[in-house]
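The values are calculated or read from the model by the stated rules, or taken from the named source; none is laboratory data. Here the structure is a predicted model, which means the values were calculated and not measured. Cβ placement follows ideal geometry from the backbone for every residue including glycine, while neighbour counts extend to all protein chains displayed.
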Amino acid sequence: MSKNYRAELVGAFGNPIDENPTGVMEEAAFAAKGLNFRYLTVKVEKEDLEAAMNGVKAFQMKGINLTIPHKVKVLEYLDELSEAAHIIGAVNMVVNKDGILWGENTDGKGFLISLKNEDVSVEGKNVVILGAGGAAKAIGVECALAGAKKITVVNRSRERGQDLADLIVEKTSADSIYVPWDTSYKAEPDTDILVNATSIGLYPDVDKKPDVDYDTVMPSMVVSDVVFNDPNTLFLQEAAKRGAHTINGLGMLVNQGALNFTLWTGAEAPLDVMTDTLKKEFGL
Ligand SMILES: NC(=O)c1ccc[n+]([C@@H]2O[C@H](COP(=O)([O-])OP(=O)(O)OC[C@H]3O[C@@H](n4cnc5c(N)ncnc54)[C@H](OP(=O)(O)O)[C@@H]3O)[C@@H](O)[C@H]2O)c1
């Protein structure tokens, strides 16, 4: 039998990208499943994205992750999109299907799985999202598609916040409103799920927390953070002090990585290996 020295290639394009731990998690998963795949963490400047995406085809890569600043621009170089990616207008992963580049956004789906793993469903719920950037958009759209009753978008910049609320109303059956964030945000008592989808609290600013009146957080609420480094954010600590059910950002990160793994390889993702690898990477 002839030997195969060629590995299947996947990876990530972004800038900055040096601190992105996804490759360690995916490579541990490939090894655990005995798959001859390699994950390349590649620095790609804004103006080089087209050439880089041509490279995905030229190198017959199985797919690629996109991160800052490429998640929206990459749509110009894709052949097909999933429904969610089409609505969100951004993708975080691409599958190369024999030369056809298909874009998907697994951020929001990873978030929903992290909730489901804690027996939390968004169906019929009032969801409040702090932030209106890429992560907030993916979470807002996926929660709406999964049957959330109402999505409240709380954001500092008015235009971005209003745009996201409008998008949800226009493209899904959920209700959505924008709430300006110019004073300490007070959670309404009928809030079921409160999510920090801003980057506040992200390393090295681990001593910062979103401007929320934490005494309005109730034990009946589920409070989740997308920030995963460090996952034990001050936001979650304050919510836990008020008796809320807290869910950190590691679950979202692992589960979107697991979805990507399966879309690229067709194999079930080894979630335990991926979680343990990430925790080790973060010194947890
Ligand atoms: N766990 C996961 O798997 C996962 C996946 C994706 C992203 N993330 C995390 O999600 C976070 C957001 O990423 P992103 O891609 O959505 O970033 P982004 O598109 O740049 O959006 C950032 C959001 O945070 C808000 N914001 C930032 N600093 C703020 C401040 N001081 N006060 C009030 N609002 C502030 C921005 O408000 P304005 O609109 O007013 O600027 C915007 O809504 C990052 O920490 C990222 O690491 C986690």
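(1) near the ligand (Cβ under 10 Å from one of its atoms); (2) aliphatic (A, V, I, L, M); (3) assigned to a helix (DSSP H, G or I): which one isn't true of Val227, the others all being true?
(3)
Looking only at the range 110-138, which residues are more than 9 Å from the ligand (Cβ to nearest atom) and either assigned by TED's automatic domain parsing to the domain that holds Lys71 or in contact with a Phe, Trp or Tyr (Cβ under 9 Å, 6 or more places away or on another chain) (or both)?
Val128 - this is the single residue of the range 110-138 that is more than 9 Å from the ligand (Cβ to nearest atom) and either assigned by TED's automatic domain parsing to the domain that holds Lys71 or in contact with a Phe, Trp or Tyr (Cβ under 9 Å, 6 or more places away or on another chain) (or both).
One residue is enough: does the range 233-242 have a residue meeting the conditions within 18 Å of Cys143 (Cβ to Cβ), within 12 Å of the ligand (Cβ to nearest atom) and not aliphatic (A, V, I, L, M)?
no
Any idea how many residues of the range 201-224 are at pLDDT 95 or above and within 12 Å of the ligand (Cβ to nearest atom)?
So the count comes out to 6.
One residue is enough: does the range 155-178 have a residue meeting the conditions closer than 26 Å to Thr22 by Cβ, outside the structural domain of Tyr77 (by TED's automatic domain parsing), more than 11 Å from the ligand (Cβ to nearest atom) and among the polar types (S, T, N, Q)? Walk me through it before giving the result.
Narrowing the range 155-178 to residues closer than 26 Å to Thr22 by Cβ: 160, 164.
With outside the structural domain of Tyr77 (by TED's automatic domain parsing) added as a condition, the list becomes 160, 164.
After this cut, where a residue has to be more than 11 Å from the ligand (Cβ to nearest atom) as well, the list is none.
No, that holds for no residue.
Restrict the check to the range 153-168 and report whether at least one residue is closer than 29 Å to Arg242 by Cα, among the hydrophobic types (A, V, I, L, M, F, W, C), under 20 Å from the mean Cα position of the chain (by Cα) and part of a strand (DSSP E or B).
So far as the range 153-168 goes, yes, one or more of its residues are closer than 29 Å to Arg242 by Cα, among the hydrophobic types (A, V, I, L, M, F, W, C), under 20 Å from the mean Cα position of the chain (by Cα) and part of a strand (DSSP E or B).
Listed here are the residues, each with its yes/no results for (1) buried (at least 23 other Cβ atoms within 10 Å of the Cβ); (2) of a type in the set (Ser, Thr, Tyr); (3) not assigned by TED's automatic domain parsing to the domain that holds Gly201.
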position: Leu234; (1), (2), (3): no, no, no
position: Thr262; (1), (2), (3): no, yes, yes
position: Thr265; (1), (2), (3): no, yes, yes
position: Asp272; (1), (2), (3): no, no, yes
position: Thr277; (1), (2), (3): no, yes, yes
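Hey, can you tell me all the residues within the range 126-157 that are basic (Lys, Arg) and surrounded by fewer than 21 Cβ atoms within 10 Å (Cβ to Cβ)? Quick ask: steps written out before the conclusion?
We begin by selecting, within the range 126-157, every residue basic (Lys, Arg); these are 137, 149-150, 156.
Correct list: Lys149, Lys150, Arg156.
Check the range 185-196 and report whether any residue there is more than 8 Å from the ligand (Cβ to nearest atom), surrounded by fewer than 22 Cβ atoms within 10 Å (Cβ to Cβ) and closer than 27 Å to Gly257 by Cα.
Yes, the range 185-196 has at least one match.
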